[in-house]
Structure formats: structure tokens, C-alpha cells
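First the structure, in the form of C-alpha cells, and then the observations on it.
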Amino acid sequence: LTWWGVRTVALLEVRQRIRSTRWKVALGIWFAMVGLVTTGLVAVMYQSYSGYSGSTGYDPSPEIGRTVFGLVVLFVLFLGLLVAPTLTATTINGDRNAGTLAVLQATTLSSWDIAVGKLLASWGAALAFLVASLPFLIWGFALGGTGVVAGIGTILMIAVILAVVCAIGLATSTLVTRPAGSAVLAYVLVAALSVG
């Protein structure tokens with residue numbers, strides 16, 4: 001495992017993803033969906049608490065903030081578990097079918113360089129989706145009710161979960177020769193782990 005080998009493979013993968021318009025569209029749809037859900041949650045929560053805060057001076061913002069932050073975290077995690085397997089489930093076998101994996105294997109790159117580079121690139125793409133969600137997570141956090149350590153810890157835990165899901169997708173991509181089969185297997189494994 002060499003740093004330059006991992007970096008080379010990761011940069012190739014990232015450049016390939018950046019050129020893809022599908023990835024950019026998915027990122028935009030993700031941002032819009034999380035934004036709509038967050039805006040809807042905030043509106044519904046403030047509407048439901050409007051009767052309590054009238055004459056009593058009760059400020060529902062901390063409770064609303066804690067609820068909104070928690071629900072947006074769950075929504076982002078749910079969407080992440082749907083998107084992350086597709087980022088890696090066809091990485092190895094897709095390159096094998098396209099003939100580009102043989103080119104990488106013919107170089108001085110080790111199999112670890114290729115695997116770790118592809119994993120880091122896929123994890124980076126998954127983290128881009130998490131970063132697109134940060135304004136809405138910060139909005140829920142800014143309403144109050146969630147501690148700083150809990151908020152940061154939650155976001156870091158989501159990042160770790162996305163890395164694990166990307167690793168599962170990469171593993172299925174190496175085990176199954178057909179891209180559709182590896183994608184289905186990745187979803188089955190992620191679903192089984194989610195239930196468990």
C-alpha cells in the first residue's frame with residue numbers, strides 16, 4: 001500500500017465522478033429533498049407549538065431544534081444508506097467490464113492501492129452528500145436543544161457509517177461479476193445490517 005498509488009486511483013475516480021452530470025443532478029436533488037423536509041419540519045413544529053408559547057412565555061425553540069435536528073439526521077442517514085451503496089457497488093466490476101481495471105492492474109499499483117483509492121473516492125463522494133446536508137443540520141442545531149458535542153459526534157458517526165456502507169459496496173463489487181448483482185447484494189447487506 002503506497003500513498004501515491006492510493007492518491008492516484010482516488011484522483012482518477014474523483015475526476016470521473018465530477019465529469020458525470022448524473023452525480024451533480026443527484027447532489028442537487030439530495031440538497032432539495034433535505035431542504036424541503038427540514039423546512040416542512042420547522043414549519044409544522046412551530047405551528048404545533050404556537051398555542052403553547054402565547055401567553056405563558058414558553059419558548060419551544062430548544063425542543064423544536066432537538067426534534068428537527070434528530071429527524072433531519074435520520075432522514076440524511078436513510079438517504080445515505082440508499083445512495084452510498086450505489087457509489088461503490090459497481091466500482092470494481094464496472095471497471096472490469098469496461099476494460100479499465102486491466103489497465104490499472106498492469107501498472108505498478110498494488111491491489112490495495114486500487115481498492116483503498118476507490119474506497120476513499122467513493123467515501124468522498126458520499127461525504128459530499130453529507131456536506132450538502134450540513135446547512136439544514138446546522139439550522140436544526142441553531143434552533144437549540146442539541147449540545148455541541150452531541151451534534152458534532154452525530155455528524156462524525158454518520159460519516160463513519162457512510163464509510164462502512166461504501167466498503168460493503170466495494171466488497172460486493174469485487175465478489176460479484178455483474179454490476180446489477182453487486183448493487184442488489186450491497187442493498188441486501190446494508191438492509192440486513194440496518195435491521196440488525
In whole Å, what three semi-axes, largest first, describe the equivalent ellipsoid of the chain built from its Cα gyration tensor (square root of 5 times each eigenvalue)? 40, 15, 14
Table column - 3J(HN,Hα) (Hz), segment 40-48, Karplus curve with 6.51, -1.76, 1.60, x for Gly and Pro: x, 4, 4, 4, 5, 5, 5, 5, 6
Per the rule of 0.36 nm per residue minus the C-alpha distance, extending Ile152 to Tyr46 adds in nm 35.7 nm
Dipole of the chain, positive direction: furthest Cα of Pro85, Met33, Val164, with charges on the beta-carbon: Pro85
So what's the back-of-envelope 222 nm ellipticity for the chain, counting only DSSP H runs of four-plus at -39500 (n - 2.57) apiece and dividing by all residues, rounded to 500? -29500 deg cm²/dmol
Under the 7 Å Cα-to-Cβ spin-label approximation, Leu193 and Trp3 lie apart by a distance in nanometres of 2.8 nm
What is the distance, in nm, between label points placed 7 Å from the Cα along the Cα-to-Cβ direction at Val131 and at Glu63? 3.8 nm
What is the list of residues in segment 131-145 whose amide nitrogen lies under 11 Å from a point 7 angstrom out from the Cα of Ala32, following Cα to Cβ? none
I'd like to check one number: the per residue accessible area of segment 122-196, probe 1.4 Å, reported in Å² as a whole number. 49 Å²
Using a 10 angstrom cutoff on alpha carbons, build the Gaussian network for the chain and name the most mobile of Ala171, Ala32, Ala125. Ala32
Could you give the nm distance between label points at Leu74 and Arg15, where each point is 7 Å from its Cα heading toward the beta carbon? 4.4 nm
Working from the pairwise distances between different alpha carbons, so that the mean of 1/r is found and then inverted, what is segment 75-139's Kirkwood radius in Å? 13.4 Å
Tell me the angle of helix 179-195 to the major Cα principal axis of the chain, expressed in degrees between 0 and 90 and rounded to the nearest ten. 40 degrees
Mind ranking Ile138, Ile161, Ile64 by accessible surface for me, highest first, 1.4 Å probe? Ile138, Ile161, Ile64
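The values are calculated or read from the model by the stated rules, or taken from the named source; none is laboratory data. All figures in this text were calculated on a predicted structure; none of them were measured in a lab. Using ideal geometry, Cβ is built from the backbone for each residue, glycine included, and neighbour counts are taken over all protein chains shown. The accessibility values were calculated without ligands, DNA or RNA, using every heavy atom of the protein model including side chains. Shrake-Rupley method; radii C 1.70, N 1.55, O 1.52, S 1.80 Å.
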